[in-house]
Amino acid sequence: MALRSIYRGLKKNNLLSPLCNSCSHLHSHSTSFGYKEVREEEKSQMVGNVFTSVASSYDLMNDLMSGGLHRLWKERLVSKLNPFPGMKHLDVAGGTGDVAFRILESINNVGRRAMRDIHDDNVLDETQIFVCDINPNMLNVGKKRAQERGFGDNKSLVWVEGDAEALKFEDGSMDGYTIAFGIRNVTHIEKALAEAHRVLKRGGRFLCLELSHVELPIFKDLYDYYSFSVIPALGELVAGDRESYQYLVESVRRFPSQEKFAKMIAEAGFDKVEYENLVGGVVAIHSGLKF
Amino acid sequence: MYRSAARRILPAVCRRTGHFRSKASPVRFSAPIIHPAAFSAAAASENARNHKPNNFEASKISSSSNEGRKPRVTDRPKAHWQEEQARVLQASLRHVVRPFLPNLQFYYSKNDLLIGWDRLLNFIGQISLGWSDAAMIAGAREVGVSPSIVGSFPRKEAALVEFFMDDCLQRLIDIIDLKEDLTNLIPSNRVAKLVRIRLEMQAPYISKWPQALSIQAQPSNIATSFKQRAMLVDEIWHAAGDESTDIDWYVKRTVLGGIYSTTEIYMLTDTSPDFRDTWAFLDERVREAFDLKKTVQEQTWTHYLASYPERKQQYFAIYLHTTPVRHPLGLEVLRNRKPLNTNNRVSACHHRSVKKYHSSDWLQNITNLLEDAQDMQIFQAKYLAEAVGAGMGGSVQGFVNNLFKG
């Protein structure tokens, strides 16, 4: 850890810039996988394994763990985004498509249609929502769910396999970027944020929904108890995979606090960085504007 | 003076008036969103002429350094994104009410029927979007910014309306600073003229103004809209030369607030050319307000008394008995009444009120007196309530007159 911060400090002063490229090969930096310390190259592999195993029961487990609240959180995320027809949106780590479906539904919503410009209706066909996920299993589950919901042949929904740290989209091509419950699984958060900044247009918004830190005194203890005792047990019962859910709750604790994450977002180049705590801090929605 | 009073009451004002370097607490970029909605909306809707406090730039870490801007102590410009937001809002205003451009000859031309269609569609596409996020999306597209920015305004339509209100206030201030002929008018005319100037700024948007009013009346927006109106009214009174600092300050602002609101609402349904009827209405109200003070003083006592002969006589009795008139012969007399029989005051007196205040027990006298005074006050309050409930007359003056009539 210390090595990493020194490295970063030196990099800022441009002392190591000629060596930068070779550095990543010379030093293997460690990162966190839950409470374990693992090498960076291993982390993405291990995360991949986690999600391959949970993919089929992912949505059910979400419902059980949050008591159905995750739906409300995602609704809140989408309403903050305020989608509009003709929007080009990128949902990263959105494997099973929850957020993407909601955005599509909100754009096609008949009620909103009444209040729109004629121009908007013409542009409706240009809406494109990209769902990007590093794990193909999650994407398959998402495609199946799209079929069930009637979005199977909707041209607006595009499923892309890709890495949040190295997106294959052009600079300044997206109106919106969301990442729901995905950023803590990324090995280098700053890279993901930098990619988000690159890919957004001027005026584009970055929104991140993530489990975060609770500070309220009594609630914090209740939440800790629930996280460490109930959730892994649920994982074992329902998904048959205790370790994945142990990783999940540990990774939440290791994730930076709301303020720190907001600073990281600002450092990536975003303006007007704000966050909103839901359920007392269990979940936080961070947002930023790109100019 | 009004500015110090305003600063006392409306903390947001000191940021709004560009003349002050405010030491208000900075908007922390990481503060939770919900409650500074008014804050950031106010910040977003302030136009480029305002100055932000120093600490804001310092607390924002790298977005400013990315743009190569160094924090400056004096005269710092607004943050880049706020300027962009203001530009978007300014452009959106053009889409709130789009001008009506019929080209009827084209449509009805028999030969050119086909060519006419796309013009027709174009014209249909010019529908006014009103104070909505559709207008803001159109505005954003015009400025060349992604329409997602609309989502970053905390209360979307309200941000547009508030921006417009601030913009109008700023224009009014500019007009006041420029115009010198205001001092030639008497105060009531000055006030009327200023209200008229302000309302004329709204005239282009009058077809969609009811929507704006309803947005302002929503619970989440009402605090900011109230502040904006208070600032407006303050500005008008100050320009009209108001120097009061006591209870009058509040009374004047409230009265003018009422006049402004009623005129605004009257304007919504006024179809006369150039809103002539509205200005006549406005002049009437202003005149009444200035006469109101005199009216109230004149009407209060005499009408109240005249409506209740009994009370009047009671009062007279008290008055008379507390300031006795001495007969030259040394006897106490009541005007137009029989002289009191000192031996048997109770039986000699036929007037009920005298009985109460003339027993030999001084404490009883005083108690009776106080009870009656209290009764009268209660009665007065009850009567006022009834009068209000019974509905007002056609004008404020009529209302006051009705109040004190029977």
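The values are calculated or read from the model by the stated rules, or taken from the named source; none is laboratory data. In this text, all values refer to a predicted model and were calculated from it rather than measured experimentally. Here the Cβ positions follow ideal geometry from the backbone for every residue, glycine too, while neighbour counts run over all protein chains shown. Accessible surface is based on the protein model in full, side chains and every heavy atom, while ligands, DNA and RNA are left aside. Shrake-Rupley method; radii C 1.70, N 1.55, O 1.52, S 1.80 Å.
Remarks
- If you go through the stretch A:202-229 and pick out every residue that is free of Cβ contacts under 8 Å to residues at least 40 places away in the same chain and either under 30 Å from residue B:143 (Cα atoms) or more than 24 Å from the chain's Cα centre (by Cα) (or both), you end up with 6.
- Near pairs, Cβ below 7 angstrom, 6+ apart or cross-chain, from the stretch B:72-86 (within 14 Å of another protein chain (Cβ to nearest Cβ)) to any residue that is modelled with pLDDT of 50 or more and open to solvent by 10 Å² or more (accessible area, probe 1.4 Å): B:80/A:291; B:81/A:272; B:81/A:291; B:84/A:291
- Filter result for residue A:162 (among the small types (Gly, Ala, Ser), farther than 23 Å from residue A:272 by Cβ, away from chain B (no Cβ under 14 Å) and surrounded by 14 or more Cβ atoms within 10 Å (Cβ to Cβ)): yes
- Subset of the stretch A:174-195 (residues that are within 14 Å of chain B (Cβ to nearest Cβ) and either closer than 21 Å to residue A:96 by Cβ or not in a strand (DSSP E or B) (or both)): A:174, A:176, A:177, A:178, A:190, A:193, A:194
- Residues in the stretch A:33-47 that are open to solvent by less than 20 Å² (accessible area, probe 1.4 Å) and touching a residue at least 40 places away in the same chain (Cβ under 8 Å): A:33, A:34, A:43, A:47.
- Taken over the stretch B:147-198, the criterion of being in a loop (DSSP other than H, G, I, E, B) and open to solvent by less than 20 Å² (accessible area, probe 1.4 Å) is satisfied by B:153 alone.
- Residue A:99 vs. criteria within 30 Å of residue A:224 (Cβ to Cβ), touching a strand residue (DSSP E or B) at 6+ places or on another chain (Cβ under 7 Å), modelled with pLDDT of 90 or more and not basic (Lys, Arg): yes
- Residue in the stretch B:133-146 that is closer than 24 Å to residue B:199 by Cα, within 12 Å of chain A (Cβ to nearest Cβ) and among the hydrophobic types (A, V, I, L, M, F, W, C) present: yes
Residue-by-condition table, conditions (1) within 14 Å of another protein chain (Cβ to nearest Cβ); (2) modelled with pLDDT of 80 or more; (3) out of contact with any strand residue (DSSP E or B) (no Cβ under 8 Å at 6 or more places or on another chain); (4) not in a helix (DSSP H, G or I):
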{"position": "A:41", "(1), (2), (3), (4)": "no, no, yes, no"}
{"position": "A:48", "(1), (2), (3), (4)": "no, yes, yes, no"}
{"position": "A:53", "(1), (2), (3), (4)": "no, no, yes, no"}
{"position": "A:71", "(1), (2), (3), (4)": "no, yes, yes, no"}
{"position": "A:77", "(1), (2), (3), (4)": "yes, yes, no, no"}
{"position": "A:106", "(1), (2), (3), (4)": "yes, yes, yes, no"}
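- Note on the stretch A:224-272: residues that are open to solvent by 50 Å² or more (accessible area, probe 1.4 Å), within 14 Å of another protein chain (Cβ to nearest Cβ) and closer than 19 Å to residue A:211 by Cα amount to 3.
- Counting only helices (runs of 4 or more DSSP H) wholly contained in the stretch B:201-305, the ones carrying 2 or more residues that are at pLDDT 90 or above, closer than 19 Å to residue B:160 by Cα and open to solvent by 20 Å² or more (accessible area, probe 1.4 Å) occupy B:209-217, B:219-239.
- Test: residue A:278 is open to solvent by less than 20 Å² (accessible area, probe 1.4 Å), within 12 Å of chain B (Cβ to nearest Cβ) and out of contact with any Cys (no Cβ under 6 Å at 6 or more places or on another chain): no
- Condition check for residue A:221: of a type in the set (Asp, Glu) and buried (at least 22 other Cβ atoms within 10 Å of the Cβ): no
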